[in-house]
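I have placed the structure first, in the form of structure tokens, so that the comments after it can refer back to it.
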Amino acid sequence: MPEEPDFDDLQDCRFGCGPVPVSPAPRPAPRGAATPRAAGAAADDAGVRDRLPPEILLRSNHAWRKTSLQATAHIPSGYTYLGQLMGHDMGSSVPLSSVPHVTRGNVIGAVSVLGPRRYNLIDNPLTLETVYGSGPMMLSHVYDPDTMLFRLTPGARLARVYRGSHDPMSQADNRPIRALYDERNRDTLMLHELAVAWMQFHNLCARRLLASGRKPFEAYAMARAHSVRVWHGIIRDDILARFLHPEIAAMAEDDLPPEWRLDEVTLLHGLFRAFHAMPLAAYDLGRQGMHNLADLLKSGFDVSEAESDWNIDWPLFFGLKPGGPMTGLSASVAPELRAPTTAAAVIALDNSAAAEARPLRPGNAKIEAALALLPAPWPTRLAPLALATEFRARHPDSPVDVTADMIEWGPLFQMIMIEAQLYGQKGGLGPFGSALLRASITGTIDRVVLAPEQEGAGNLPRPATMMKLIELVREV
């Protein structure tokens, strides 16, 4: 296990101490081109203690957000939440001290341990664990213990709400309990409906297997493996297809350099944070103008609009109908992500987690080495100095004066968002962000071990997109 960092080193951290930037300490001089350094070099060690905050995001305002979206809003907003579901299925990072855990061999090599200070509550990334949890043997409020199906009414869009017991011999509990595994998918209507759609898809497949004579647990296992295979296809052909730069998307999978695969800490706390650019301050979802998400789906027992007389128009939300809300990746975030939460508060929380997790930044040797492997001329054009110079030239109205130093020693997601605004296509990532995302996601999928497909599973439905899956389960 690597040497524990000195807590004194964190007392004057530049990344995560708070939303207000502090006076910078001396830093390594920025470089004009991406030239990899030896791993473990002294400059890298100094950089770990010298994190700059994502200033352009902390100072995002309405005018800058509008400017950014005018150039990048080409992705249907449904992909904001489908991408978030993928992120939830990749990881849930919490302080290591908050989770009693058992080490297996080298602690840093264990799947769930993210460096010396963080723990991933998702033990098996990209296996729909955010939907299935630990399965029917452990989650009786989510699964029927007899059929091992999710506790759902066929065709329902929302998870069931359990109320306190009416048994006078039982202690009353007035808190509502949703029959949904991952609490992160509970209170945002779009995420909630996407998670339930996967639950319904599993039930649809499992019922067909049960009808063919399979026993409940056998049907559960076969339906789950099939659902994961469908999920991997949707990730590759629906989600990634929306975000990847054409040059990176055109590469054969075998040609992706292993250096583009990020470690789990940097993937969760670095690259994925770039998707904070996707949520809009409000959505026109096809009926009666803008809607307050808190009214659409209430967390208590009160009847929500989404439970009574209102549905998300998913074809509109996924771009199959004209006029739906559009978004894209840029160097901006909505000043109000969901009132009363502000973007600055969310970014500051990310800073705090990153100061503990310590993901790689653009100035670290491994990220520089990955950048150097991009097709020409991108390694030169995306070096910190060149990127900052181009951004200032194109966006003199930026809320901050973007510098090479800010890009090099700020968080990776800030660089990826700046690159996306300059070089992304149709609201997607630039070449470097695309390379890191594609290689990291496909690498994670390649590590998933699935049982061989059994007889009978081959006839189960295989929707190619999330929209087709939604349509399938709503037909029931």
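The values are calculated or read from the model by the stated rules, or taken from the named source; none is laboratory data. For clarity, every value in this text was computed on a predicted model and none was experimentally measured. Methodologically, a virtual Cβ is constructed for each residue, glycine included, from the backbone with ideal geometry; neighbour enumeration extends over all protein chains shown.
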Any residue at all in the stretch 457-464 that's over 23 Å from the mean Cα position of the chain (by Cα) and among the polar types (S, T, N, Q)?
yes
If Leu469 passes every condition in (1) in contact with a Phe, Trp or Tyr (Cβ under 8 Å, 6 or more places away or on another chain); (2) free of Cβ contacts under 8 Å to residues at least 40 places away in the same chain; (3) aliphatic (A, V, I, L, M) but one, which one does it miss?
(2)
All but one of (1) within 30 Å of Asn124 (Cα to Cα); (2) modelled with pLDDT under 95; (3) touching a Gly at 6+ places or on another chain (Cβ under 6 Å) hold for Trp409; which doesn't?
(1)
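For the stretch 341-380: of the residues being free of Cβ contacts under 8 Å to residues at least 40 places away in the same chain and over 18 Å from Ser92 (Cα atoms), which is surrounded by the most Cβ atoms within 10 Å (Cβ to Cβ)?
First pass over the stretch 341-380, keeping only residues free of Cβ contacts under 8 Å to residues at least 40 places away in the same chain: 341-342, 349, 376-377.
Adding the requirement that they be over 18 Å from Ser92 (Cα atoms) leaves 341-342, 376-377.
Working: Thr341: 11, Thr342: 17, Ala376: 7, Pro377: 9.
Only one residue tops the list, namely Thr342.
Please verify whether Leu57 is out of contact with any Asp or Glu (no Cβ under 6 Å at 6 or more places or on another chain), hydrophobic (A, V, I, L, M, F, W, C), within 22 Å of Leu429 (Cα to Cα) and at pLDDT below 95, treating the condition exactly as stated.
Values: out of contact with any Asp or Glu (no Cβ under 6 Å at 6 or more places or on another chain): yes; hydrophobic (A, V, I, L, M, F, W, C): yes; within 22 Å of Leu429 (Cα to Cα): yes; at pLDDT below 95: yes.
Considered against the rule, which asks whether it is out of contact with any Asp or Glu (no Cβ under 6 Å at 6 or more places or on another chain), hydrophobic (A, V, I, L, M, F, W, C), within 22 Å of Leu429 (Cα to Cα) and at pLDDT below 95, Leu57 comes out as yes.
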Just the residues that are outside any loop (DSSP other than H, G, I, E, B) and more than 16 Å from Thr127 (Cα to Cα), please, taken from the stretch 186-199.
Leu189, Met190, Leu191, His192, Glu193
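Do you know which residues across the stretch 317-351 are among the aliphatic types (A, V, I, L, M) and outside any loop (DSSP other than H, G, I, E, B)? Let's see the steps before the verdict.
Residues of the stretch 317-351 that are among the aliphatic types (A, V, I, L, M), as a first pass: 320, 326, 329, 331, 333-334, 337, 339, 343-349.
Within the stretch 317-351, Met326, Leu337, Ala343, Ala344, Ala345, Val346, Ile347, Ala348, Leu349 qualify.
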Any chance the stretch 246-256 includes a residue that's at pLDDT below 95 and surrounded by 19 or more Cβ atoms within 10 Å (Cβ to Cβ)?
no
Can you pull out every residue in the stretch 451-475 that is in a loop (DSSP other than H, G, I, E, B) and farther than 19 Å from Met222 by Cβ?
Ala464, Thr465, Glu475
Candidate set from the stretch 257-266 (those that are hydrophobic (A, V, I, L, M, F, W, C) and modelled with pLDDT of 95 or more); member that is surrounded by the fewest Cβ atoms within 10 Å (Cβ to Cβ)
Trp260
Looking at Leu158 and the list (1) within 22 Å of the chain's Cα centre (by Cα); (2) farther than 29 Å from Pro95 by Cα; (3) modelled with pLDDT of 90 or more, which single condition is not satisfied?
(3)
Which condition number does Gln288 fail, the rest of (1) assigned to a loop (DSSP other than H, G, I, E, B); (2) at pLDDT 75 or above; (3) over 21 Å from Arg178 (Cβ atoms) being met?
(2)
Pick from the stretch 115-159 the residues that are of a type in the set (Lys, Arg) and part of a loop (DSSP other than H, G, I, E, B): which of them is nearest to Tyr181 (Cα to Cα)?
Arg151
What pairs come out if I take residues in the stretch 178-196 that are over 9 Å from Leu158 (Cα atoms) and pair them with residues that are modelled with pLDDT of 90 or more and among the aromatic types (Phe, Trp, Tyr) whose C-beta lies under 7 Å away, six or more apart or interchain?
Tyr181/Tyr132; Met190/Tyr81; Leu191/Tyr81; Leu194/Tyr81
